Amino acid sequence: MRKYRHLLTPLTFLRLQSPELRPYQSKIPPALTFPGLAGFYLLPIKPALFTEKGLVNTINGLLNTLIGFYIAALAAVATFNNVPLDNVMKGRPPTLITYRQGEKNEEQLTRRRFLVILFGYCAFVSIMLFALGVISLLVAPSMAKAAWLPALRLVWLTAYFALAASLFVVTLLGLHYLIERMHRE
């Protein structure tokens, strides 16, 4: 299984160490997920999930565009000729701890490396969210007949809302860096 760990490289964003990043990694997404779930369950008429105009179809429509944006942003940042992008980030830069041949390596990130990791994460999460949506749309008719559907729906909604919240928050962070921070010395 170790030889396939490279498939999870886009999740590197969650391993970045920085007090400034922690809210975007593990505090704000749950803070959005749980009120969204509560709202869904407290509404007197439940929003449609798997219909043509339901939540999953609507989000998948948006993801069709976003996946391309994230991959284009990733490619642009990776190849953009801008010397300040290759400088270590100011203040307390995020760090990434890796192990190579048993040796611990702590890397202070440049702006370029940070943005590549960030947009790689966004591309990965959007692809996973899209795949979860497609699979859900395909099996929804069969699942409607399952007696244990309410428990499965809660697990599914939690995972779906958590992925969507994380994608939303990290996208806004990435946009902030593209708009405000990318060209600073």
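For the residues Phe119, Phe168, Phe114, the requirement of being open to solvent by 30 Å² or more (accessible area, probe 1.4 Å) and assigned to a helix (DSSP H, G or I) singles out Phe168.
Which of the residues belonging to region 133-152 are open to solvent by less than 80 Å² (accessible area, probe 1.4 Å) and either assigned to a loop (DSSP other than H, G, I, E, B) or modelled with pLDDT of 75 or more (or both)? Gly133, Val134, Ser136, Leu137, Val139, Ala140, Ala144, Ala146, Ala151, Leu152, listed by residue number.
Taking the condition open to solvent by 60 Å² or more (accessible area, probe 1.4 Å) and either in a helix (DSSP H, G or I) or in contact (Cβ under 8 Å) with a residue 12 or more places away in the chain (or both), does Phe161 pass? Give the derivation first.
Values: open to solvent by 60 Å² or more (accessible area, probe 1.4 Å): no; either in a helix (DSSP H, G or I) or in contact (Cβ under 8 Å) with a residue 12 or more places away in the chain (or both): yes.
Answer is no for this residue.
Of all the numbered requirements in (1) surrounded by fewer than 14 Cβ atoms within 10 Å (Cβ to Cβ); (2) assigned to a helix (DSSP H, G or I); (3) in contact (Cβ under 8 Å) with a residue 60 or more places away in the chain, Arg92 misses one, and that requirement is (2). Evaluate region 98-107: report whether one residue or more is surrounded by 11 or more Cβ atoms within 10 Å (Cβ to Cβ), touching a residue at least 60 places away in the same chain (Cβ under 8 Å) and either in a helix (DSSP H, G or I) or not aromatic (Phe, Trp, Tyr) (or both). No, every residue in region 98-107 fails to be surrounded by 11 or more Cβ atoms within 10 Å (Cβ to Cβ), touching a residue at least 60 places away in the same chain (Cβ under 8 Å) and either in a helix (DSSP H, G or I) or not aromatic (Phe, Trp, Tyr) (or both). Scanning region 61-89 for residues that are at pLDDT 90 or above, open to solvent by 60 Å² or more (accessible area, probe 1.4 Å) and β-branched (Val, Ile, Thr) turns up Thr65, Ile71, Thr79, Val88. Counting only residues that are among the hydroxyl-bearing types (Ser, Thr, Tyr) and either over 22 Å from Tyr70 (Cβ atoms) or free of Cβ contacts under 8 Å to residues at least 60 places away in the same chain (or both), region 1-56 holds 4 of them. Select from region 122-132 the residues that are out of contact with any Phe, Trp or Tyr (no Cβ under 7 Å at 6 or more places or on another chain) and closer than 19 Å to Arg15 by Cα and write down the one among them that is surrounded by the most Cβ atoms within 10 Å (Cβ to Cβ). Among them, the one singled out is Val125.
The values are calculated or read from the model by the stated rules, or taken from the named source; none is laboratory data. These numbers come from a predicted model, not from an experiment. We place every Cβ from the backbone using ideal geometry, glycine too, and count neighbours over all the protein chains shown. Ligands, DNA and RNA are stripped out before the accessible areas are found, and what is left, the full protein with its side chains, is counted by its heavy atoms. Shrake-Rupley method; radii C 1.70, N 1.55, O 1.52, S 1.80 Å.
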